[in-house]
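Scroll down for the structure; my scribbles are underneath it.
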Amino acid sequence: MPPSSKVAFISGGGSGIGRASALAFARLGHAVMIGDADAAAAAATAKEITEAGGSAAGVQVDVSDEGQVRDAVDATVSEFGRLDSAVNSAGIQGELGPAGECSTPNWELTLAVNLTGTFLCMREQIRVMLPQGAGSIVNISSNFGLVGKKGIPAYCASKHGVIGLTKSAALDYAAHGIRINTVCPGPTTTPMFDKIVEESGDRARTMLQEVESSVPMGRLGMADDIAAAVTWLCSDAASFVTGTAMPVDGGFVVG
Ligand code: NAD
């Protein structure tokens, strides 16, 4: 593994897309701070990286808590000295059901984690990147941030919100060396996705087939497919890319 010169912070880095992104940044030689509400999961990803010869640490953070997010970003700078790339991947699906039956607690929790959590992380990351005059942030939205989906109104609203938030912030900081983009994954094999399939019980097999056939490329995404787009967006190869909402979904949103 090359020596660490750049630093990445990944929210939700204990699992799925966040974990794959953390490992991908580590392979590129970044030191990585893994933030997750699940402290053991954050520590496990950090251990995986350090055992492979990289630099990493884990920090417990609930992204919907302003103080915890500030502390986690400060911990990144204390530990590794700067912040070059940030990925805001922490997210929840929330409860399933039509908009007319969506409870206020479900609405508020889903928005608090997926949208406010992304905002709080991004605000603290910008605070560090601004004096550096450089940095790249990738917020993880969803294919359901670009198109509607029955039965997940709060999730859909939060993910559409992440794209609007990203576009506005990208314009605010375009002239300050900070690029801010969104990746919109399609259905991707991760613990979150596997749990949704499991919870469909007897329908699990049929549901999986339906999801696969809804993707024009005929397969689910892998967490590494999403991580590849994330690391590209944070790389110098994407130096003229900001404010975009990039689907990585096997053609789902154009199908
Ligand atoms: P995952 O459940 O495998 O990982 C999510 C991680 O976020 C977990 O480690 C969890 O502990 C953490 N987390 C949850 N709430 C948190 C909080 N309040 N504070 C800090 N950490 C918290 O899920 P995933 O599939 O890797 O999803 C990652 C992101 O990708 C999410 O934003 C999700 O909405 C989005 N996404 C996933 C898919 C998919 O099919 N898997 C599709 C589109 C978008």
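So which trypsin sites (Lys or Arg not before Pro) in the stretch 56-151 pass both tests, a DSSP loop state and at most 13 other Cβ atoms within 10 Å of the Cβ? Filter output for the stretch 56-151: Lys149, Lys150.
For the stretch 134-188, what % of the accessible area comes from carbon and sulfur atoms, probe 1.4 Å?
Working: 1070 of 1800 Å².
Here it works out to 59 percent.
Let me have the relative contact order for the stretch 145-255, percent, based on Cα pairs under 8 Å that are six or more residues apart. Working shown, then result.
Working: 128 pairs, mean separation 39.4, N = 111.
Relative contact order, the stretch 145-255: 36 percent.
Working note: 222 nm ellipticity from helices only, DSSP H runs with n ≥ 4, each -39,500 (n - 2.57), summed and divided by the residues of the chain, gives -14500 deg cm²/dmol to the nearest 500.
Positive-end ranking of Val162, Ser200, Leu220 along the dipole of the stretch 155-243, with charges on Cβ about the Cα centre, is headed by Val162.
Which order, highest average first, do 156-166, 188-198 follow once you tally other Cβ atoms within 10 Å for each residue and take the mean per peptide? Kindly include the intermediate steps, with their values, before the conclusion.
Values: 156-166: 21.4, 188-198: 15.9.
Going by the mean number of other Cβ atoms within 10 Å, highest first, we get 156-166, 188-198.
Extension gain for Ser239-Ala134 works out to 36.7 nm (0.36 nm per residue, less the C-alpha to C-alpha distance).
If the reach is capped at under 17 angstrom between alpha carbons, list the aspartates and glutamates near Lys47, excluding any in the same chain fewer than eight residues apart. Within the straight-line limit of under 17 Å, Lys47 reaches these aspartates and glutamates: Asp36, Asp38, Glu79. Picking from Gly16, Val69, Trp107, whose Cα lies most toward the positive end of the charge dipole for the stretch 1-112 (charges on Cβ: Lys, Arg +1; Asp, Glu -1)? Final value for the positive-end residue is Gly16. For a straight C-alpha distance cut-off of 27 angstrom, the lysines reachable from Lys149 (same-chain residues fewer than eight places away being disregarded) are Lys159, Lys167, Lys195.
For the chain, the longest principal axis of the Cα atoms and the long axis of helix 153-173 meet at an angle of about 30 degrees. In order along the stretch 42-53, phi translates into HN-Hα couplings of 4, 5, 5, 5, 4, 5, 4, 6, 5, 5, 8, x Hz, rounded to whole numbers, per the Karplus curve 6.51 cos²θ - 1.76 cosθ + 1.60 with θ = phi - 60° and x for Gly and Pro. Surface analysis of the stretch 136-255 yields an accessible area of 48 Å² per residue, using protein heavy atoms and a 1.4 Å probe.
The alpha carbon convex hull volume per residue for the stretch 79-140 rounds to 91 Å³.
Here Lys150 is the anchor, and the aspartates and glutamates within straight C-alpha reach of less than 14 Å, apart from those fewer than 8 places off in the same chain, are Glu95, Glu101. Distance distribution P(r), the stretch 184-255, all Cα-Cα pairs, bin width 5 angstrom from 0: 3, 16, 22, 21, 16, 11, 6, 4, 2, 0 percent.
The values are calculated or read from the model by the stated rules, or taken from the named source; none is laboratory data. These numbers were taken from a predicted model, which means no experiment stands behind them. Methodologically, a virtual Cβ is constructed for each residue, glycine included, from the backbone with ideal geometry; neighbour enumeration extends over all protein chains shown. Note: areas computed on protein heavy atoms with side chains; ligands, DNA, RNA excluded. Shrake-Rupley method; radii C 1.70, N 1.55, O 1.52, S 1.80 Å.
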